[in-house]
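Enquirer: Dumping the structure here so I can ask a few things about it.
The values are calculated or read from the model by the stated rules, or taken from the named source; none is laboratory data. The structure presented is a predicted model; accordingly, all values stated were derived computationally and were not measured. Counting neighbours? That spans all protein chains shown, and the Cβs are built from the backbone with ideal geometry, glycine included. Only protein heavy atoms, including side chains, enter the accessible area calculation; ligands, DNA and RNA are left aside. Shrake-Rupley method; radii C 1.70, N 1.55, O 1.52, S 1.80 Å.
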Amino acid sequence: MRPFHLALTGDFLNEQGTSAYGDIGLGLLHSWPFLNYRFLTEQSPRPNDAAYWERFYSLEVTPEQIADIDGLIVCRPWVKRNTFARGAERLVVIGRSGAGYDKIDVQACTDNDVALFNAPLALNHSTASSALLFMLTLAKRLPEQERATRRGRWDLQATVMGSEIQGRTAGIIGLGHSGRELVRLLAPFAMRVLAYSPHADLAEANALGVRLAALDEVLRESDVVSLHCRLTEQTRRLIGAAQFALMKPSAFFINVARGELVDQPALVAALRERRIAGAGLDVFAVEPLPANDPLLPLDNVIVTPHWSCSTTDVWQATGRAMANGMLRAARGQVPADVVNREVLEQPGFQAKLARFAQN
């Protein structure tokens, strides 16, 4: 048997050096003697290091950290081209513990004969249900009602009256996995659903009861707009001042995808000037969101720390996906859900993977 050395980025750990998120699938690895794992503890939080939480979204995997490993599971850190500055003679696979991989240089992985796989289905429901949560919370004006109740201001009932989403128009930008799951969750609300999704299949959209439309039309006609598209160079700042100007003053805007999809100053202006009714945001252009960010004083925005989609169920599902992918690689097999599938035909990758075929 050939040992397979696996590393996990240190941000999976808490200050005590144990898993911060409970079951992340490591139990599946314990019965395989040829596979061993460790954490990149130099990326882990330390007791009383408050500054860690200001920099943990900017952590990077270094060339030294991949020098002696065969597999890597990544939570938040960047994997940039510089990560491969000394090559990747041993590294054969990287698992992204989640669906998004915009912090990983996919082409650099391919150029260095490294396969990247993710867990594309694990967050579908949690992402969609978070979007629905924001929709209902904003429409029902839950934050205002909660504040009024805590202040003993029952006399404000009439001023904090909410509305229903039933029968209204929902606009979904990105009809991928989570977008389609949101359509399913919205079915009991009898909403009209429009979607902007250039690569969507027309027949599939029709079967879901979704009408595909241009972005401007979706923004103009929707009572609530929810972002579900991937971050690419083409979608970066897809929604800016011109797009917010198209929305109804009564409309809500929701982003559970990526903060960089939005021109955040333009969103702040639209909210501050009440050109849209409100927003629910789980992601931001800069993360962590600075304590002095102009979004935070606004009373018509709900913010969560890029975490509303992260539940114990999701961590278990992504953990199992990562563990199973690494087990396949450790036995010389291609993991499921490889992102850069062209690497599978490259002799360099094939040779690295073949080293473990006898395990």
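Enquirer: Considering amide H positions built from the backbone, and no H for Pro or chain starts, which residues 5 or more places from LEU13, or on another chain, come under 5 Å of its amide H?
Expert: Correct list: ALA20.
Enquirer: Need one value: the accessible area of GLU273 in square angstrom, 1.4 angstrom probe, rounded to the nearest 10.
Expert: Result for GLU273: roughly 110 Å² accessible.
Enquirer: Counting other C-beta atoms within 10 Å, and keeping those with at most 12, which DSSP coil chymotrypsin sites (Phe, Trp or Tyr not before Pro) do you find in segment 268-332?
Expert: Working: sites: PHE284, TRP307, TRP315; in loops: PHE284, TRP307.
Those that pass, being in a loop and sparsely packed, are TRP307.
Enquirer: With every protein chain left in place, what is the accessible area of LYS248 in Å² (1.4 Å probe, nearest 10)?
Expert: 60 Å²
Enquirer: Tally up the carbon and sulfur contribution to the accessible surface of the chain as a whole percent, 1.4 Å probe, everything protein left in place.
Expert: Details: 8860 of 16650 Å².
Whole-percent figure for carbon plus sulfur exposure: 53.
Enquirer: Same structure again: Project the alpha carbons of the chain onto their principal axes and report the range along each, largest first, in whole Å.
Expert: Cα extents, longest axis first: 71, 53, 34 Å.
Enquirer: For the chain, what relative contact order do you get, as a whole percent, if you take Cα pairs closer than 8 Å and at least 6 residues apart?
Expert: Working: 697 pairs, mean separation 68.1, N = 359.
So the answer I get is 19 percent.
Enquirer: Counting helices only, and only those DSSP H runs with n ≥ 4, report the 222 nm mean residue ellipticity of the chain as the sum of -39,500 (n - 2.57) divided by its residues, in deg cm²/dmol to the nearest 500. It would help to have the intermediate numbers written out before the result.
Expert: Values: 12 runs with 105 residues, N = 359.
Computed ellipticity for the chain at 222 nm equals -8000 deg cm²/dmol.
Enquirer: Heavy atoms only, 1.4 Å probe, whole protein assembly: order ARG141, ARG151, ARG81 by accessible area, highest first.
Expert: ARG151, ARG81, ARG141
Enquirer: Whole Å is fine, so just give me how far the alpha carbon centre of segment 309-359 lies from that of segment 79-95.
Expert: The distance from the Cα centre of segment 309-359 to that of segment 79-95 comes to 15 Å.
Enquirer: Ranked from highest to lowest mean number of other Cβ atoms within 10 Å per residue, what is the order of the peptides 323-335, 42-54, 6-18? Mind dumping the intermediate values first?
Expert: Values: 323-335: 21.0, 42-54: 12.6, 6-18: 18.2.
Per-residue Cβ counts within 10 Å, averaged per peptide and sorted highest first, yield 323-335, 6-18, 42-54.
Enquirer: Once the piece of chain linking GLU233 and LEU202 is laid out straight, how much longer is it, given 0.36 nm per residue of separation minus the C-alpha distance between them?
Expert: Details: separation 31, 0.36 × 31 = 11.16 nm, distance 2.44 nm.
So the chain would gain 8.7 nm between GLU233 and LEU202.
Enquirer: Tell me which DSSP H helices of the chain clear both cut-offs, 24 Å or more of axial length from alpha-carbon atoms and a mean Kyte-Doolittle hydropathy of at least -1.0. Could the numbers behind the result be given before it?
Expert: Numbers: long enough: 312-330 (27 Å, -0.09).
Qualifying helices: 312-330.
Enquirer: Still on this structure: So what's the gap between the Cα centers of segment 180-209 and segment 138-168, to the nearest angstrom?
Expert: Result: 29 Å between the Cα centres.
Enquirer: Let me ask something additional. Amide H to amide H, which residues 5 or more places from GLY280 or on other chains are under 5 Å from it, using H placed in the peptide plane?
Expert: PHE253, ILE254, ASN255, ILE302
Enquirer: Still on this model: What number comes out for accessible area per residue over segment 103-201 if the probe is 1.4 Å? Units Å², please.
Expert: Details: 4780 Å² over 99 residues.
Solvent-accessible surface per residue comes out at 48 Å².
Enquirer: Quick check: pseudo-label points 7 Å beyond the Cα along Cα→Cβ at ASP155 and ASN82, how many nm apart are they?
Expert: So the label points at ASP155 and ASN82 sit 6.0 nm apart.
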